[in-house]
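J.: Structure in structure tokens, see below.
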Amino acid sequence: TEYRNMGNLLKVLTCTDLEQEPNFFLDFENAQPTDAEREVWDQVDVVLKDAKGILDELQAYKGAGQEIREAIQNPSDEALQEQAWAAVVPLVGKLKKFYQFSQRLEAALHSLLGALTSETYDDTTQHLEREQALAKQFAEILHFTLRFDELKMTNPAIQNDFSYYRRTLSRMRINNVPAEGENEVNNELANRISLFYADATPMLKTLSDGTTKFVSENKNLPIENTTDCLSTMATVCKVMLETPEYRSRFTSEETVSFCLRVMVGVIILYDYVHPVGAFAKSSKIDMKGCIKVLKDQPPNSVEGLLNALRYTTKHLNDESTNKTIKSMLQ
């Protein structure tokens, strides 16, 4: 009933092609869970409550570059070796925490995809319109993911610290030196963490792998249920950003950047999950329209998002990609 009360705010069109775009307002600022959404919403909310703290910790992550440099330059100075080790061990604890959070985020994504792609409603537009609180949580996961990866990409200390930790640990093992903190990250976990941070955009890779896994594990669900959920969300974000009547309803300028991040996030997921990707002619996402919306923003605010489309998508450089789209992203 709460969405019915929005009356004329919602004009829903069934999304059969790009000329008939789903045209409704997704209330990213105020959507509250209905009774039907509550169970999944509560599960995901527990994870999202920790997301801000993770971003704050990552933003404040300074690394142990100075201590590591001094230890490497003075290999026979035991005091410097101990200082570097003492500086790195707690940082590795943080890196482990971020990695473990990525696993929780993937599980939350599975819960949301399960709800938003189920056969409860006739189509994706109805799902997103009637399950706005879950759609908002899905958007918050994407927003967190792109923000995490932006911060990680600009912080080379993360991989340097972890590499130093692993090198030092293996040297200590060879010399039979007991390593405080070794129990924190055993060899198998260290390998997984190392692979996670080796990726330029580790959280995005976690989500795209997780979405692909969701599709393969739910063979009873048509893949279109998932890809339509992603394409409809991209379209709704685009429409809200380019329609002054909708955009004027945002009470905060931050909602604009939130919407832009979400649009780019779902495009990237769609590009990974859909057999031919987001840039093909048959794609249900109006890529030209989405790129135009990005380019209409102040350049310094969207360069990272344009780079995400340039460098983290799967199909942009396919032969089938329209030349206009390629040149728009050059």
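The values are calculated or read from the model by the stated rules, or taken from the named source; none is laboratory data. These numbers come from a predicted model, not from an experiment. Virtual Cβ from ideal backbone geometry, glycine too; neighbours counted across all protein chains shown. With ligands, DNA and RNA removed, areas are computed over all heavy atoms of the protein, side chains included. Shrake-Rupley method; radii C 1.70, N 1.55, O 1.52, S 1.80 Å.
J.: Could you list, ordered by first residue, the pairs with Cβ atoms under 7 Å in which the first is in the stretch 45-71 and open to solvent by less than 20 Å² (accessible area, probe 1.4 Å) and the second is hydroxyl-bearing (S, T, Y) and part of a helix (DSSP H, G or I), at least 6 apart or interchain?
T.: Between residues of the stretch 45-71 that are open to solvent by less than 20 Å² (accessible area, probe 1.4 Å) and residues that are hydroxyl-bearing (S, T, Y) and part of a helix (DSSP H, G or I), the close pairs are I68/Y164.
J.: Separate question: Does L105 fit the bill of being crowded, with 19+ Cβ neighbours inside 10 Å, within 19 Å of the chain's Cα centre (by Cα) and of a type in the set (A, V, I, L, M)?
T.: Details: crowded, with 19+ Cβ neighbours inside 10 Å: yes; within 19 Å of the chain's Cα centre (by Cα): yes; of a type in the set (A, V, I, L, M): yes.
When the stated conditions are applied, L105 passes them.
J.: If you go through the stretch 264-278 one residue at a time, how many are open to solvent by less than 40 Å² (accessible area, probe 1.4 Å), in contact with a Ser or Thr (Cβ under 9 Å, 6 or more places away or on another chain) and assigned to a helix (DSSP H, G or I)?
T.: Adding up the residues that qualify gives 8.
J.: Can you list the helices (runs of 4 or more DSSP H) found entirely within the stretch 117-202 that contain at least 1 residues being over 21 Å from G63 (Cα atoms), modelled with pLDDT under 75 and under 20 Å from the mean Cα position of the chain (by Cα)? Lay out the reasoning, then the answer.
T.: Values: elements: 124-130, 132-153, 157-174, 187-198.
Passing ranges, in order: 124-130.
J.: Could you look through the stretch 279-296, keep only residues that are assigned to a loop (DSSP other than H, G, I, E, B) and open to solvent by 70 Å² or more (accessible area, probe 1.4 Å), and pick out the one that is nearest to E242 (Cα to Cα)?
T.: In the first step, residues of the stretch 279-296 are kept if they are assigned to a loop (DSSP other than H, G, I, E, B); the result is 279-286, 296.
From the residues that got through so far, the ones that are open to solvent by 70 Å² or more (accessible area, probe 1.4 Å) too are 281-282, 296.
Details: K281: 22, S282: 23, D296: 9 Å.
Among them, the one singled out is D296.
J.: Now for a separate question. Mind counting the residues in the stretch 279-297 that are over 12 Å from L260 (Cα atoms) and either of a type in the set (S, T, N, Q) or without any contact (Cβ under 8 Å) to a residue 40 or more places away in the chain (or both)? Quick ask: steps written out before the conclusion?
T.: Start the filter on the stretch 279-297 by keeping residues that are over 12 Å from L260 (Cα atoms), which leaves 279-289.
Adding the requirement that they be either of a type in the set (S, T, N, Q) or without any contact (Cβ under 8 Å) to a residue 40 or more places away in the chain (or both) leaves 282-283, 287.
Counting residues in the stretch 279-297 that are over 12 Å from L260 (Cα atoms) and either of a type in the set (S, T, N, Q) or without any contact (Cβ under 8 Å) to a residue 40 or more places away in the chain (or both) gives 3.
J.: Could you list, in sequence order, the residues of the stretch 210-252 that are touching a Phe, Trp or Tyr at 6+ places or on another chain (Cβ under 7 Å), in a helix (DSSP H, G or I) and more than 18 Å from V266 (Cα to Cα)?
T.: Of everything in the stretch 210-252, just one residue is touching a Phe, Trp or Tyr at 6+ places or on another chain (Cβ under 7 Å), in a helix (DSSP H, G or I) and more than 18 Å from V266 (Cα to Cα), namely Y246.
J.: Could I ask something else about it? Cβ-Cβ distance below 8 Å, separation of 6 or more or different chains: which pairs start in the stretch 194-221 with a residue that is at positive phi and end on one that is outside any helix (DSSP H, G or I) and surrounded by 20 or more Cβ atoms within 10 Å (Cβ to Cβ)?
T.: From residues that are at positive phi, there are no pairs.
Per-residue answers, yes or no, for (1) among the polar types (S, T, N, Q); (2) within 26 Å of E140 (Cβ to Cβ); (3) assigned to a helix (DSSP H, G or I); (4) at pLDDT below 95:
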{"residue": "Q43", "(1), (2), (3), (4)": "yes, yes, yes, yes"}
{"residue": "V46", "(1), (2), (3), (4)": "no, yes, yes, yes"}
{"residue": "L58", "(1), (2), (3), (4)": "no, yes, yes, no"}
{"residue": "G63", "(1), (2), (3), (4)": "no, no, no, yes"}
{"residue": "S76", "(1), (2), (3), (4)": "yes, no, no, yes"}
{"residue": "A86", "(1), (2), (3), (4)": "no, no, yes, yes"}
{"residue": "P90", "(1), (2), (3), (4)": "no, no, yes, yes"}
